[in-house]
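The values are calculated or read from the model by the stated rules, or taken from the named source; none is laboratory data. Model, not experiment: these values are computed from the prediction. Neighbour counts are summed over all protein chains in view; Cβ atoms, including those assigned to glycine, are modelled from backbone coordinates with ideal geometry.
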Amino acid sequence: MDIKSEPSSRSSGEPAQTTEDRRWRLVNRTMRMHGNEPHALIETLHSVQEHFGFLDLDALKYVAGALRVPLSRVYAVATFYHYFTLKPPGEHTCVVCKGTACYIGGASSILDSIQQEVGIGPGETTSDGQISLLTARCLGSCGLAPATVFDGQICGRMTSAAVLERIRRWTNHDTGD
């Protein structure tokens, strides 16, 4: 199991159910709303992902115990669904759409140029934790193809040069957009 557990989802190493971390209270609330039953697994993992940004090994173990589900099942669900990630996200996130219109518009060349520039492929984060590169099956912005999302902001009609310029601003710690 290749799961990074740095930074842990929990602060100070205390058990999740006794921590003062508001995020864990929200996760625990989600489980209570579903009667702490095994059928709440996906909803609970969504809650952990939403509040912590990723699912670390400690979180998977906690959810397994709280819902009385084998850890192997929790891990299987967490790795099956594309939405979940077992790694902490980078400081900045670039999502390249690979839908039909974007693919035809040059999404694969954008991905290739990013890989050459920063040395990461889809689903990876730079070693300095600055940039995560993701892909999406479709962003629903086909009229803007090829579309890319930078830190939650959709940008359309992108070129490799425009995407690399944005990424270079991140790596030069330029916060002005």
Within the range 40-79, tally of residues that are of a type in the set (Ser, Thr, Tyr) and either in contact with a Pro (Cβ under 6 Å, 6 or more places away or on another chain) or free of Cβ contacts under 8 Å to residues at least 12 places away in the same chain (or both): 2
Selection from the range 41-95 of residues that are in contact with a strand residue (DSSP E or B) (Cβ under 8 Å, 6 or more places away or on another chain) and assigned to a loop (DSSP other than H, G, I, E, B): Lys87, Pro88, Pro89, Gly90, Glu91
Filtered residue count, the range 122-149, keeping only those that are within 14 Å of the chain's Cα centre (by Cα) and farther than 12 Å from Gly90 by Cβ: 4
Some residue of the range 145-161 being assigned to a helix (DSSP H, G or I) and in contact with a strand residue (DSSP E or B) (Cβ under 7 Å, 6 or more places away or on another chain): no
Boolean, Glu117 is assigned by TED's automatic domain parsing to the domain that holds Gln153 and either of a type in the set (Lys, Arg) or closer than 14 Å to Trp170 by Cα (or both): yes
Residue, surrounded by the most Cβ atoms within 10 Å (Cβ to Cβ), within the range 96-112, restricted to residues that are among the small types (Gly, Ala, Ser) and assigned to a helix (DSSP H, G or I): Ala107
Looking only at the range 113-125, and only at residues there that are surrounded by fewer than 19 Cβ atoms within 10 Å (Cβ to Cβ) and without any contact (Cβ under 8 Å) to a residue 40 or more places away in the chain, the one that is farthest from Thr79 (Cα to Cα): Gln116
Residue satisfying condition, being at pLDDT 95 or above, assigned by TED's automatic domain parsing to the domain that holds Leu41 and either hydrophobic (A, V, I, L, M, F, W, C) or under 30 Å from Ala64 (Cα atoms) (or both), within set Ala76, Ala147, Ala162, Ala101: Ala76
